[in-house]
Structure formats: structure tokens, C-alpha cells
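Colleague: This is the structure I want to talk about, given as C-alpha cells.
The values are calculated or read from the model by the stated rules, or taken from the named source; none is laboratory data. All of these numbers come straight from a predicted model, not from anything done at the bench. We place every Cβ from the backbone using ideal geometry, glycine too, and count neighbours over all the protein chains shown. Just so you know, the surface numbers come from the protein's heavy atoms only, side chains and all, with ligands and any DNA or RNA stripped out. Shrake-Rupley method; radii C 1.70, N 1.55, O 1.52, S 1.80 Å.
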Amino acid sequence: MNPVVFVHGFMGGSRQWQGQIDPEAGYEVISLDLPGYGENAHCDALDSIAGYAEWSLGDLSARGVERFNLVGHSMGGMVAQEMVAQAPERVDRLVLYGTGATGVLPGRFETICTSKRRALADGPQSTARRIAATWFLERENAAGYETCATIAEQCGLEAMLNGLDAMENWSGVERLESIQNKTLVVWGDEDRTYPWRQTEQLWKSISNANLSVIPGCAHAAHLEKPGLFNSVLRDFLTV
């Protein structure tokens, strides 16, 4: 089976996928750190989704990984859609998780403009912890919050602003119908970042798409209900 590549979202990093590494699952896990984030926080951040996609494809080629299954979360789901657009022959199965096809994020807990303004006013660390709390139904009291907040704090102000610009200036709506990969759309039913209409658009516009709604979760279902999330993922990738 081809390896499974995980692409994190805004202010994320590879370490947030530790719970998805299962030796018994039957597949290799490769989790990326986009430039400016996680273990690559020292690298210059990019300011376009297409740029992140090109970088990701190049990084995988450098690792000798030419064909793979692809899981994209949040902003990483936008990157995953761009990776499919740039190199459809390299992607086997596609998982679009907690994401959408519109970068302006209608219905988000706050507008992108507000996030930029507050990042400049409050600083990146305070902003990282505040936004990370919105990813969980129980906010700061969630079991996975501190791990995510710590990863998010690695993100500097430039990477934060560039990431917000990248999302705001991106749309994949016109390319949805051209996605031919077998696709799974995953959504937590209490997601504060991507409302149902974003999820529904992916599900109904991609011809070979299935839908899985994880109940009682916000934006980080893989950390809030890892057992259920992993079971859904494993079933899609291996059946």
C-alpha cells in the first residue's frame, strides 16, 4: 500500500499526527511540516496555497515518495486540493478533513481580517494559544489542547500573516468537479472554522466522494476522538 501523507493546517505541525501512527494499520505515515510551521518554523513562510503544494510535492520527491495517499486538514486540505491539481497522477486516495474549497472561510469563528489584526496587536504566541482553543469542543480544557497550542506557538508572526493571506487569496471551487480521486470528506459536527456548507460543497461537488461526520467534535476530531477518527481513516484507506 502507498504511504499516507498528512498535511497539517494553519499553525499546525507534524507532531499533531502522532496518534495516527499505528504499526498495525498496514501503511507508512509521512507527516509534513510546511515552511514556517512546526519543525520547519525556522524556514521562510510562503504566502500562497499553490506555493505550499509545490513545496510539498518537491519535499516528497526528495524523500523518494512519488505516489501516495493524501490527508489534508484545514489549510492543509486546501494544500491537498492544490497538490491534486498540480500532480493528479501522484495521489491515490484523498482525504479532505475539516476543510473547504473557499479560502475566505465564510462562517469562521472570526474573519481572517480580525485574525490578522489581533495577531499584530497581541503577538503570535498569544494568538496561537487563543486560536488553538477554538479547534476543540472543550477549548483549553481539552486533552489535546496543550500539545496543539505548543506546536502553534512555534509559528512566528510572518508565517501567521502569510498563512492567513494564502487562505484569503485562494479558491478551489472551480476545480472540484475535476477531482477524480476516490475521496473521503471528514468533518466534526461542531467545527467552529468550517461550517457545514463548506463540507457539503466538497462532498457534493467531487464525483467520487464519501462523507464521514464525527459527532461531538470541533476542528480537531483526530485529537478529540482519535479512536473513531483512525477507524474511519483506516476503513477508507484499506478497504
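Colleague: Please enumerate the residues belonging to region 26-43 that are touching a Leu at 6+ places or on another chain (Cβ under 8 Å) and assigned to a helix (DSSP H, G or I).
Modeller: Answer for region 26-43, where residues must be touching a Leu at 6+ places or on another chain (Cβ under 8 Å) and assigned to a helix (DSSP H, G or I): just ASN40.
Colleague: Consider GLY19 against the criteria (1) surrounded by fewer than 17 Cβ atoms within 10 Å (Cβ to Cβ); (2) over 16 Å from the mean Cα position of the chain (by Cα): it satisfies all of them except one. Which criterion is unmet?
Modeller: (2)
Colleague: Here are the criteria: (1) touching a strand residue (DSSP E or B) at 6+ places or on another chain (Cβ under 9 Å); (2) open to solvent by 50 Å² or more (accessible area, probe 1.4 Å); (3) not hydroxyl-bearing (Ser, Thr, Tyr). Tell me which single one HIS8 does not satisfy.
Modeller: (2)
Colleague: Quick one: in region 44-67, which of the residues that are open to solvent by less than 70 Å² (accessible area, probe 1.4 Å), in contact (Cβ under 8 Å) with a residue 40 or more places away in the chain and part of a loop (DSSP other than H, G, I, E, B) is farthest from MET78 (Cα to Cα)?
Modeller: Here the residue is VAL65.
Colleague: How about region 174-199: which of its residues are more than 17 Å from the chain's Cα centre (by Cα), open to solvent by 30 Å² or more (accessible area, probe 1.4 Å) and not hydroxyl-bearing (Ser, Thr, Tyr)?
Modeller: Hits for region 174-199 are GLU174, ARG175, GLU177, GLN180, LYS182, ARG197.
Colleague: Continuing with the same structure: Evaluate the following for GLY76: is it in contact (Cβ under 8 Å) with a residue 60 or more places away in the chain, touching a strand residue (DSSP E or B) at 6+ places or on another chain (Cβ under 9 Å) and either on the phi > 0 side of the Ramachandran plot or open to solvent by 20 Å² or more (accessible area, probe 1.4 Å) (or both)? Before you say what the answer is, go through the steps one by one.
Modeller: Numbers: in contact (Cβ under 8 Å) with a residue 60 or more places away in the chain: yes; touching a strand residue (DSSP E or B) at 6+ places or on another chain (Cβ under 9 Å): yes; either on the phi > 0 side of the Ramachandran plot or open to solvent by 20 Å² or more (accessible area, probe 1.4 Å) (or both): no.
No, not satisfied.
Colleague: Same structure, new question: Show the residue pairs meeting these rules: Cβ distance below 6 Å; 6+ apart or different chains; first residue within region 98-124 and among the polar types (S, T, N, Q); second residue surrounded by fewer than 20 Cβ atoms within 10 Å (Cβ to Cβ) and not in a helix (DSSP H, G or I).
Modeller: Cβ pairs passing all conditions: THR102/SER171.
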